[in-house]
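The values are calculated or read from the model by the stated rules, or taken from the named source; none is laboratory data. Since the model is a prediction, treat every value here as computed from it, not as a measurement. Note: ideal-geometry Cβ built from the backbone for every residue, glycine included; neighbour counts use all protein chains shown. Heavy atoms of the whole protein, side chains included, go into the accessibility calculation; ligands, DNA and RNA do not. Shrake-Rupley method; radii C 1.70, N 1.55, O 1.52, S 1.80 Å.
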Amino acid sequence: PPLEYELMRRHIKRDLDELWWFLRDNLEGVVRKPETPAELQTHLKGFVEDIQHREQAMQVALMNLAQVDGFEQWRKNEAKSLSDLVQKRIYTLQNPSDCQSAKKLLCSLNKGCGFGCQVHHAIYCFIVAYGTERMLVLKSKGWKYNKAGFEELYMPLSETCPKPSLEGKRSWPGTPDRLVVELGIVDSVNPRPEFLPPSIPKDLSERIILLHGDPIVWWVSQFLKYMLRPQRDLQQTLDESVESQGFSSPMVGIHVRRTDKVGTEAAFHGVDEYMKHVKEYFQLQEVRQGRPIVTKSVYVASDDPKVLAECQKNYPDFTFHGNPDIAKSAAVSSRYNKDSLKGIIIDIHLLAQADYLVCTFSSQVCRIAYEILQERFTDGADRFKSLDDIWYYGGQSEHQQIAIMDHTPKNRQEIELKKGDVIGVAGNHWNGFNKGRNHRTNRVGLYPSYKTKENIKIVDFPSYPHVEL
Ligand code: GDP
C-alpha cells in the first residue's frame, strides 16, 4: 500500500482512541464530581464543540484516505464506464431497429401529484421497461404542467421509434409476447414487478456496490440521466440560471418545503434547523482546507417566497442565492402551468449543482435533486442531510438491513437484535438509532444503526449482452 495510506490509517485509529479517552474522561469526571447546573451547562457546551472538532478532523482524514489509497483514478474511470454502459443499454432499448415489432411499455405522465412525483412515476416505468426489455413509451400530451407534453422540454425517449402504434395494448402484466403493455401507477400495480426499487440488477451489482455508497440511488440516477436530457432551449435556460447566480465553491443547496406539505405529509421545519447543518458543512470544509471559507454560498429553493428573505436577515455570514419569482410561482394555486414548471426545473437543477444538500427527503423535489446530483460525483451518497426521512423511492419494496451484532434493548422503545436478523427499515432518528421492524420477532422499535448493515436487494434483470461499450 502507499505509505501515505498506511500513515493516514494509523492516524485515524489514533484519533479514534483519543476521542474515546476524551469522551470517557469528561463524562466520568462529571459523574465523579457533580457540577452545579450552570457549571455543567458551560462544560457541556465547550465539550460538544470539542467533540465536533475532533469528529470533523477524523472526517477529513477519512476523505484524505480516499485521496491517497491509489484508487481515485480508478473510481473516476469506473464511474464513467459503468454509467456509459447503462446509458448505452437504455439507448439501445429505446431505439429498436424495427419500431413496429419492438415490445413496448406504455406509461402516462398524468399521476395526480407534483413534478417530482410525476417524474418518479415515469422513472419507475422506465426501470420496469428495462427489466422487461420493453421500450418505454411515455404519453405526455395534455400533461397538466405543460399541455404540449414532456418533449417540448426534454429530448424524446426514442429517435427511431418516436410515435409507435399502441394498438392492442393490454394492462400490466400482459403476456410476454404482447406488443404493448400499459403500466399504471406504482401505488396499485398488481402483480408488483420484482424490479421495483430498491432492487438493483444482478449482472451489474458487484460493480455498483463497489462504486457507490447507496447502490439504488446510483441505479435510479442512471434513468434520470437518460430521461431528463434537456432540449436546446431548456439547456440554455438552465445554463443561464447557473451563471446568473454566480455561486462560489463550495455551495450548499437547501430545499424548504412548505405550503400544502406541512401538516399533511411532513412537519414544519424552521430555517434554523436547516442552517445548523449548513454551518456544520462549511465548518467541515474549513477544517479540510485549513483556512476560512470567505464566501459561503447557499442556494435556497422553496415553495414559500418568505424563506429566502428570512435566511438573508438572520444569517448575514452566508451568501444566499435564490429566485423569489420562482418561489412565488410555486404556490399551490398557480402550480400546474408552464411558468411554475420552468421554476421547479430550474430549482431542481440548481439544487443538483450543490456540493451538499440540506432538506427533507419526505419531499420528492429534494430526492430528485439528490439523485441528479449523483451524476457530478463518483460517489455522492453522503452529500446530504435530511431533516426527516432517509432516502426512499415511493412505492418501493421494503428497505432492509441485517443485524451484524446482537442488541439487548435498554428501554421500552428499543428492540432486540440477534446477529443475522432481517430488519425492515422505517427511518433514521439521526441520533444513532434507526427505527424498524425485526422480521424474526415482528417487533417495531429503535435499534443502534451501527449494529446493522444494508441488505441490498439483488434481482435478475436482463443483461443486454448485445450491448457493448
Ligand atoms: P413533494 O410534494 O414535495 O413530494 O414534491 P412534488 O414535486 O411531487 O410536488 C411538489 C410541487 O410543489 C413541485 O413539483 C413544485 O411544483 C412545487 N414546489 C415544491 N417545492 C418547490 C421549490 O422549492 N421550488 C419550486 N419552484 N417549486 C416547488
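Test VAL252 against the criterion of being open to solvent by less than 50 Å² (accessible area, probe 1.4 Å), more than 14 Å from the ligand (Cβ to nearest atom), more than 24 Å from ILE456 (Cα to Cα) and outside any loop (DSSP other than H, G, I, E, B), and give yes or no. Spell out how you get there, then give the answer.
Numbers: open to solvent by less than 50 Å² (accessible area, probe 1.4 Å): yes; more than 14 Å from the ligand (Cβ to nearest atom): yes; more than 24 Å from ILE456 (Cα to Cα): yes; outside any loop (DSSP other than H, G, I, E, B): yes.
Considered against the rule, which asks whether it is open to solvent by less than 50 Å² (accessible area, probe 1.4 Å), more than 14 Å from the ligand (Cβ to nearest atom), more than 24 Å from ILE456 (Cα to Cα) and outside any loop (DSSP other than H, G, I, E, B), VAL252 comes out as yes.
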Selection count, the range 438-469, where residues are in contact with a Pro (Cβ under 6 Å, 6 or more places away or on another chain) and open to solvent by less than 50 Å² (accessible area, probe 1.4 Å): 1
Select from the range 313-358 the residues that are hydrophobic (A, V, I, L, M, F, W, C) and within 9 Å of the ligand (Cβ to nearest atom) and list them in ascending order. ILE326, ALA327, ALA330, ALA331, VAL332, LEU341, ILE344, ILE345, ILE346, ILE348, LEU351
Whichever residue in the range 283-327 is among the basic types (Lys, Arg) and in contact with a helix residue (DSSP H, G or I) (Cβ under 8 Å, 6 or more places away or on another chain) and, among such residues, is farthest from TYR145 (Cα to Cα): ARG288
In the range 77-95, what residues are farther than 20 Å from HIS466 by Cα and over 20 Å from the mean Cα position of the chain (by Cα)? ASN77, GLU78
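Name the single residue that is most open to solvent (accessible area, probe 1.4 Å) among those in the range 413-437 being over 22 Å from SER386 (Cα atoms) and in contact (Cβ under 8 Å) with a residue 24 or more places away in the chain. First the steps, then the outcome.
Here is the first cut: in the range 413-437, the residues over 22 Å from SER386 (Cα atoms) are 413-422.
Still in the running and in contact (Cβ under 8 Å) with a residue 24 or more places away in the chain: 413-417, 422.
On the way: GLN413: 116, GLU414: 25, ILE415: 7, GLU416: 70, LEU417: 1, VAL422: 43 Å².
The residue in question is GLN413.
Of everything in the range 31-66 that's of a type in the set (Val, Ile, Thr) and assigned to a helix (DSSP H, G or I), which residue is least open to solvent (accessible area, probe 1.4 Å)?
Applying the first criterion (of a type in the set (Val, Ile, Thr)) to the range 31-66 yields 31, 36, 42, 48, 51, 60.
From what's left, assigned to a helix (DSSP H, G or I): 31, 42, 48, 51, 60.
Details: VAL31: 122, THR42: 101, VAL48: 90, ILE51: 43, VAL60: 14 Å².
Among them, the one singled out is VAL60.
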So in the range 333-387, with the set limited to residues that are aromatic (Phe, Trp, Tyr) and open to solvent by 20 Å² or more (accessible area, probe 1.4 Å), which one is modelled with the lowest pLDDT? TYR336
